[in-house]
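Q: Sharing a structure below in structure tokens format, with a few things to ask.
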Amino acid sequence: MPKEFLIVIDGPAGAGKSTAARILARKLGYRYLDTGATYRVVALKAKEEGVTPEMAEELCRLCAQIEIKFEDTDDGQRVYSDGRDVTETIRTPEMSMLASSISRQKVVREAMVDLQRGLGGPGVVAEGRDMGTVVFPQAEVKFYLDATPQERGIRRHKELLTRGIPTALSQVIEETIKRDQDDQNREIAPLRMAQDAVYIDSTGMSAEEVAVRMLAEIEKGW
């Protein structure tokens with residue numbers, strides 16, 4: 001039987017990391033870990049309790065108290081916050097931007113990194129922004145998935161419409177570019193490609209094609 005790897009996928013918002021990671025995990029029989037969801041859960045909890053990204057002490061309290069769990073079902077992975085299913089609630093544009101702001105706080109980053117490391121290991125496909133550089137620098141297989149801002153904006157726009165969230169394409173592309181700037185320029189764990197990561201430009205590629213490309217790279221190490 002082939003060796004089990006810890007596989008990590010980094011890249012900007014809308015690059016197709018989540019879909020490709022899920023497909024890859026299914027092909028390999030691995031567990032899928034959406035680390036970005038952990039920051040979204042904290043962002044949702046903060047919004048509900050009136051805690052802003054600047055309130056470090058309150059964010060520290062939230063992170064210490066919150067219980068985040070993932071559950072794999074026939075309909076996909078579900079995300080729970082203190083026992084409540086928040087899978088759909090955390091996927092709005094508002095939560096995307098708030099999660100980006102929240103994740104810049106050191107107390108939040110440290111708490112979520114500890115949580116994510118506890119969920120990772122061989123036989124896991126983890127995707128996020130700093131998997132290969134901060135959370136799992138020891139991962140045997142690293143990918144950096146990218147695409148043009150326009151392509152990523154179009155993908156995100158389609159996803160939002162599918163979820164019943166009406167929004168203008170121009171606004172989504174603008175928010176995508178803003179999210180890139182925020183993620184790349186934050187002081188703590190900025191978005192960047194690990195030196196030993198395989199770069200894949202997914203522009204014009206389907207998620208299935210991306211997963212197949214990744215699988216080919218993984219098979220080189222077996």
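Q: Being of a type outside the set (Val, Ile, Thr), within 27 Å of VAL125 (Cβ to Cβ) and in a strand (DSSP E or B): is that true of LYS142 here?
A: For LYS142, the condition - of a type outside the set (Val, Ile, Thr), within 27 Å of VAL125 (Cβ to Cβ) and in a strand (DSSP E or B) - is met.
Q: Is there a residue in the stretch 131-139 that is farther than 24 Å from LYS178 by Cβ, under 15 Å from the mean Cα position of the chain (by Cα), without any contact (Cβ under 8 Å) to a residue 60 or more places away in the chain and loosely packed, with under 15 Cβ neighbours inside 10 Å?
A: no
Q: Any chance the stretch 50-67 includes a residue that's part of a strand (DSSP E or B) and either hydrophobic (A, V, I, L, M, F, W, C) or touching a helix residue (DSSP H, G or I) at 6+ places or on another chain (Cβ under 9 Å) (or both)?
A: Within the stretch 50-67, not a single residue is part of a strand (DSSP E or B) and either hydrophobic (A, V, I, L, M, F, W, C) or touching a helix residue (DSSP H, G or I) at 6+ places or on another chain (Cβ under 9 Å) (or both).
Q: Further question: Look through the stretch 175-222, keep the residues that are assigned to a loop (DSSP other than H, G, I, E, B) and among the β-branched types (Val, Ile, Thr), and return whichever of them is nearest to GLY14 (Cα to Cα). Before you say what the answer is, go through the steps one by one.
A: Step one: filter the stretch 175-222 for residues assigned to a loop (DSSP other than H, G, I, E, B), giving 186-197, 202-206, 220-222.
Still in the running and among the β-branched types (Val, Ile, Thr): 188, 203.
Details: ILE188: 21, THR203: 11 Å.
Checked the stretch 175-222; the qualifying residue nearest to GLY14 (Cα to Cα) is THR203.
Q: I'd like the residue in the stretch 43-88 that is within 29 Å of SER170 (Cβ to Cβ) and either surrounded by 16 or more Cβ atoms within 10 Å (Cβ to Cβ) or among the hydrophobic types (A, V, I, L, M, F, W, C) (or both) and, out of all such residues, is modelled with the lowest pLDDT. Steps first, please.
A: Here is the first cut: in the stretch 43-88, the residues within 29 Å of SER170 (Cβ to Cβ) are 43-44, 46-47, 52-53, 86-88.
Applying the additional criterion that residues be either surrounded by 16 or more Cβ atoms within 10 Å (Cβ to Cβ) or among the hydrophobic types (A, V, I, L, M, F, W, C) (or both) yields 43-44, 46, 53, 86-87.
Working: ALA43: 97, LEU44: 97, ALA46: 97, PRO53: 92, VAL86: 97, THR87: 95.
So, considering only residues that are within 29 Å of SER170 (Cβ to Cβ) and either surrounded by 16 or more Cβ atoms within 10 Å (Cβ to Cβ) or among the hydrophobic types (A, V, I, L, M, F, W, C) (or both), the one modelled with the lowest pLDDT is PRO53.
Q: On the basis of being of a type in the set (D, E, K, R), modelled with pLDDT of 95 or more, assigned to a helix (DSSP H, G or I) and surrounded by 15 or more Cβ atoms within 10 Å (Cβ to Cβ), does GLU127 make the cut?
A: On the way: of a type in the set (D, E, K, R): yes; modelled with pLDDT of 95 or more: yes; assigned to a helix (DSSP H, G or I): no; surrounded by 15 or more Cβ atoms within 10 Å (Cβ to Cβ): yes.
Spelling it out, it is not the case that GLU127 is of a type in the set (D, E, K, R), modelled with pLDDT of 95 or more, assigned to a helix (DSSP H, G or I) and surrounded by 15 or more Cβ atoms within 10 Å (Cβ to Cβ).
Q: Output the qualifying pairs, or none if there are none: Cβ atoms under 9 angstrom, residues six or more apart or on different chains, first residue in the stretch 203-219 and within 19 Å of VAL141 (Cβ to Cβ), second residue surrounded by fewer than 13 Cβ atoms within 10 Å (Cβ to Cβ).
A: Final answer for the pair search is ALA211/ARG26; ILE218/PRO2; GLU219/PRO2.
Q: Of the residues in the stretch 18-49, how many are in a helix (DSSP H, G or I) and closer than 15 Å to GLY128 by Cβ?
A: Residues that pass the stated criteria total 15.
The values are calculated or read from the model by the stated rules, or taken from the named source; none is laboratory data. Keep in mind that this is a model prediction, so the values were computed, not measured. Positions of Cβ are generated from backbone atoms using ideal geometry, with glycine treated the same way; all protein chains shown enter the neighbour counts.
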